[in-house]
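**Student:** Got a structure here, written out as structure tokens. Questions coming.
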Amino acid sequence: MSFENVQATNLTAGIESSAPLAVRSTGSVAAAYVGGRTCPLQAVTCYTAAMEVRFTPEQEARLSEIAVQAGTDAEQLVKNAALRLLDREAGFRAAVRHGLEQADRGEFVDEAEMESRIERMIRS
């Protein structure tokens, strides 16, 4: 089984790419290797869009320095940071939805309890 490099912008399998991709066929199974993923051509749509983030040379140097200290490369460091941010954002949004649902049900914390909670947060 070998991959044959082809240029494609639209395959009937729903794989779209303007970058080179590899397609292989083994008997009755055809697959495309796009952006590090092998996708069966009969699969539901397979998207492989790349994202590019630009940093100043100073920012790149800082990222590289932190990555070396962390024992990884700058690309993986940025990817991990972005994924953590997405997880935190999803958690925050879920907490807000939960709070709004409680408010809709009339479940509120009285003022004295709120002041007590804020005081505990400040002390910790």
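**Student:** If you filter the stretch 48-103 for trypsin sites (Lys or Arg not before Pro), then keep DSSP loop positions with at most 11 other Cβ within 10 Å, what is left?
**Tutor:** Details: sites: R54, R62, K79, R84, R88, R93, R97; in loops: R54.
Taking the stretch 48-103 and a limit of 11 other Cβ atoms within 10 Å, the loop trypsin sites (Lys or Arg not before Pro) found are R54.
**Student:** Whole-Hz ³J(HN,Hα) for each residue in the stretch 84-93, computed from phi via Karplus 6.51 cos²θ - 1.76 cosθ + 1.60 with θ = phi - 60°, x for glycine and proline: what do you get?
**Tutor:** Coupling constants for the stretch 84-93: 4, 4, 4, 4, 5, 4, 5, x, 4, 4 Hz.
**Student:** Please find the FRET efficiency linking L83 to A112, where r is the Cβ-Cβ separation and R0 is fixed at 41 Å, and quote it to the nearest 0.05.
**Tutor:** Values: r = 40 Å, r/R0 = 0.97.
The formula returns an efficiency of 0.55 here.
**Student:** Further, regarding this structure: Which residues' amide hydrogens lie under 5 Å from the amide hydrogen of D73, considering only partners 5 or more residues apart or on another chain, with H built in the peptide plane?
**Tutor:** Placed amide hydrogens put nothing under 5 Å from D73.
No value in this document is a laboratory result; all are computed from the given coordinates. Please read these numbers as outputs of a predicted model, since none were measured by experiment. Virtual Cβ from ideal backbone geometry, glycine too; neighbours counted across all protein chains shown.
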